[in-house]
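*Asks:* My questions will all concern the structure given below.
The values are calculated or read from the model by the stated rules, or taken from the named source; none is laboratory data. As the structure is a prediction and not an experimental result, all values here were calculated from the model. We place every Cβ from the backbone using ideal geometry, glycine too, and count neighbours over all the protein chains shown. Ligands, DNA and RNA are stripped out before the accessible areas are found, and what is left, the full protein with its side chains, is counted by its heavy atoms. Shrake-Rupley method; radii C 1.70, N 1.55, O 1.52, S 1.80 Å.
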Amino acid sequence: IIPGKMSKLKEYVSNSERFSTEHLIINKNGSVELLGCRFNYPSGIKKYANSIFNFIFVSRRLNNELGDKTLKDKIKIIGEKLDGNAQAVECDYSEMVIEICKRHFHQILGPNNNEAEALKNFYQNDFIQVFADFALDIIKKIGDKLLVSSGS
């Protein structure tokens, strides 16, 4: 807990309309909505849904809007919200995770003619290593913030 942020923590714990947890990269149900159809993650990927690194904290309304969309669509929606409202994502941790996510998951965030095939290939071949690198980057950023806040 960062000094001076206790009131935000209390707000998060007590106000379920203002803050909720969103499964960002891997949806809880193991699939995404893709062009009006369901795309199921390859076996072994769904277990990453409950990783602490898969969560961001957003308003319940934004969480509902993100739903079971692809990571690409979620990042687009969040970006649009941030462009119009600095308060769209009120959590420093969530903003950090989103920025790190953009760097690590760029293979599936960019334009692609056959998105279903690109997702299948990414999740079968690259996801585990990319997710590990993503998680390590988050840990490093948290460590850097803790060092700064402690004055070391």
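*Asks:* Within the stretch 50-69, whose backbone N sits under 13 Å from a point 7 Å along Cα→Cβ of residue 8?
*Replies:* Only 57-58 pass the distance filter.
*Asks:* I'd like the carbon and sulfur percentage of the solvent accessible area for the chain, probe radius 1.4 Å, heavy atoms only, ligands and nucleic acids excluded. Intermediate results must be reported in sequence, preceding the final value.
*Replies:* Details: 4800 of 9020 Å².
Result for the chain: 53 percent of the exposed heavy-atom area is carbon or sulfur.
*Asks:* Let me ask something additional. If the convex hull of the alpha-carbon atoms of the chain is projected onto planes in all directions, what is the mean projected area in square nanometres? Provide the component values of the computation, followed by the final result.
*Replies:* Values: hull surface 38.6 nm².
If you wrap the Cα atoms of the chain in a convex hull and average its projections, you get 9.7 nm².
*Asks:* In addition: Subtract the Cα-Cα distance of residue 18 and residue 95 from 0.36 nm times their separation in residues, and report this length gain in nm to one decimal.
*Replies:* Details: separation 77, 0.36 × 77 = 27.72 nm, distance 1.58 nm.
Gain on extension, residue 18 to residue 95, equals 26.1 nm.
*Asks:* To one decimal place, what orientation-averaged projected area in nm² is obtained for the convex hull of the Cα set of the stretch 19-60? Numbers along the way, then the final one.
*Replies:* On the way: hull surface 13.2 nm².
In nm², the orientation-averaged hull projection of the stretch 19-60 is 3.3.
*Asks:* Also: For residue 83 and residue 43, what does the FRET efficiency come to when R0 = 25 Å and r is the distance between their Cβ atoms, rounded to the nearest 0.05? Spell out each step's value before the answer.
*Replies:* On the way: r = 37 Å, r/R0 = 1.49.
Given R0 = 25 Å and the Cβ-Cβ separation, E is 0.10.
*Asks:* Sort 70, 21 from largest to smallest accessible area, using a 1.4 Å probe on the heavy atoms of the protein chains. Let's see the in-between values first.
*Replies:* On the way: 70 5, 21 60 Å².
Descending accessible area places them as 21, 70.
*Asks:* Taking a ≥ b ≥ c as the square roots of the Cα gyration tensor eigenvalues, with a/c under 1.5 meaning rounded and otherwise prolate when a/b beats b/c, else oblate, which class fits the stretch 51-111? Can you show the working numbers first?
*Replies:* Details: a/c = 1.38, a/b = 1.25, b/c = 1.10.
Rounded, since a/c falls under 1.5.
*Asks:* Right, here's the next one. For residue 144, tell me the accessible area in Å² from a 1.4 Å probe, rounded to the nearest 10.
*Replies:* 60
*Asks:* A 21 angstrom limit on the alpha carbon distance is what I want to check against. Which of 102/140; 8/69; 81/145; 74/120; 74/140; 28/69 exceed it?
*Replies:* Details: 102/140 16 Å; 8/69 28 Å; 81/145 25 Å; 74/120 18 Å; 74/140 24 Å; 28/69 11 Å.
In this structure, 8/69; 81/145; 74/140 lie more than 21 Å apart at Cα.
*Asks:* If the elastic network links every pair of Cα atoms under 10 Å, which of 45, 26, 98 fluctuates the most in the Gaussian network model of the chain?
*Replies:* In this elastic network of the chain, the residue with the biggest mean-square fluctuation among 45, 26, 98 is 45.
*Asks:* Here is a further query. Keeping all protein chains in place and using 1.4 angstrom, which order do 76, 47, 81 fall into by accessible surface area, from largest down?
*Replies:* On the way: 76 125, 47 150, 81 75 Å².
Highest to lowest solvent-accessible surface, that is 47, 76, 81.
*Asks:* Something else about it: Have a look at the DSSP beta bridges in the chain and tell me what percent are antiparallel, nearest 5. Write out the running numbers ahead of the final one.
*Replies:* Working: 8 of 9 bridges.
So the antiparallel bridges amount to about 90 percent of the total.
*Asks:* Suppose each label sits 7 Å from its Cα in the direction of the beta carbon; what would the residue 102-residue 128 distance come out to in nanometres?
*Replies:* 3.0
*Asks:* Express the relative contact order of the chain as a whole percentage, based on alpha carbon pairs under 8 Å and six or more residues apart in sequence.
*Replies:* Details: 141 pairs, mean separation 32.4, N = 152.
Relative contact order comes out at 21 percent.
*Asks:* If one takes the longest principal axis of the Cα atoms in the chain, at what angle in degrees, from 0 to 90 and to the nearest 10, does the Cα axis of helix 115-125 lie?
*Replies:* Once rounded, one gets 70 degrees.
*Asks:* Here's a follow-up. Could you pull out every residue, at least 5 positions away or on a different chain, whose amide H is within less than 5 Å of the one on residue 56? Hs are placed 1.01 Å off N in the peptide plane, and Pro or chain starts have none.
*Replies:* Those lying under 5 Å, H to H, from residue 56 are 22, 24.
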